[in-house]
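Structure record follows, encoded as structure tokens.
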Amino acid sequence: MRRPARISPRQIVLVAAKELRERIRDFWVLAVALVFAAFALLIAYFGAAQQGAIGFRGIEVTIASLTSLVIYLIPVIVLLLGYDAVAGERERGSLDLLLSLPLTRFELLLGKFLGLAAALAVSTLAGFGLAGAAIAHQADAAALYHYARFVLSALAMGMAFLSMAVMVSVMAADRARASGAAIALWFFFVLVFDLGLLGVLVFTGGRVGGDVLPYLLLANPADVFRILNVFGMEGVKTLYGLATVVPPALADPWVLGAAMLAWIVAPLAIATWRFK
């Protein structure tokens, strides 16, 4: 059968809907939503238990604690969600069947990404939205605005890591190698990257990398997410102590938003090129 020459939005939507249905059917969306809601509520009400205080302590403390948690939690969840998007189909032998349909490779890949992104969006918004509704009566409109921005930035970071997961899935020969590469990405961006920059600064006494360090943080979507939330509120910025490290110009939400968008688009573009 001859494949269509033009990109068909309908085909993309069909593939995306199939991916979303599968994640809902295997309870992935529900499980992740419950995890997000539980952690958000626990941190909001019991985050200051070590200081002998229980209850909602303010949106600054809540967002500061949630930011630290989400940087570790969302990337690993998303990488495990998307690492077998293509590698799994190839290993099961269903990829050839899909490509025999009147469907281009770009439509298939974009549809899979959008379907997984929709599953991530539903679980993230539902989980953190449930926690937000629980603390809404103790927070003012400004606090809820900052909480909503935190949730949307967490979703954007998840999209960036999902794009990398799809890229790995396209490049890997099988699911085992794809899962290994996904775990390696998590270790690098969540653990090794910042430790490496800090090690260079400490080892050289700040003589090397001090000027370019803030800009190198844009090379990590987890750091982009952290800066976006830390500089969003004065109280959070004080808790993190990054005010003296990152210049205000670099903390511009438009600059950080553009960097996060680049992290979403670039790996997906590489995956599209490699898949073709």
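Evaluation of ILE135 against the conditions (1) within 17 Å of PHE36 (Cα to Cα); (2) over 24 Å from the mean Cα position of the chain (by Cα); (3) β-branched (Val, Ile, Thr) shows that the sole unmet condition is (2). For the stretch 90-107, the count of residues that are under 23 Å from the mean Cα position of the chain (by Cα), buried (at least 16 other Cβ atoms within 10 Å of the Cβ), of a type outside the set (A, V, I, L, M, F, W, C) and at pLDDT 85 or above is at least one. Against the criterion of being buried (at least 19 other Cβ atoms within 10 Å of the Cβ) and over 18 Å from SER65 (Cα atoms), ALA118 does not qualify.
A Cβ distance below 7 Å, combined with a sequence gap of six or more or placement on separate chains, defines the contacts here; from the stretch 211-222, residues that are within 22 Å of MET159 (Cβ to Cβ) reach residues that are charged (D, E, K, R) and in a helix (DSSP H, G or I) in the pairs LEU217/ASP223. Looking at the stretch 129-142, can you tell me whether even one residue there is part of a helix (DSSP H, G or I), touching a Gly at 6+ places or on another chain (Cβ under 9 Å) and surrounded by 24 or more Cβ atoms within 10 Å (Cβ to Cβ)? The answer is no; no qualifying residue exists. Out of everything in the stretch 143-165 that is among the small types (Gly, Ala, Ser) and more than 15 Å from ALA85 (Cβ to Cβ), what residue ends up being surrounded by the most Cβ atoms within 10 Å (Cβ to Cβ)? Across the stretch 143-165, the extreme among qualifying residues is ALA160.
Here LEU162 does not qualify as more than 29 Å from LEU34 (Cβ to Cβ), assigned to a helix (DSSP H, G or I) and hydrophobic (A, V, I, L, M, F, W, C).
The values are calculated or read from the model by the stated rules, or taken from the named source; none is laboratory data. Owing to the predicted nature of the structure, the values given are computational and were not obtained by experimental measurement. All Cβ positions, even for glycine, are placed from backbone atoms using ideal geometry, and neighbour counts span all protein chains on display.
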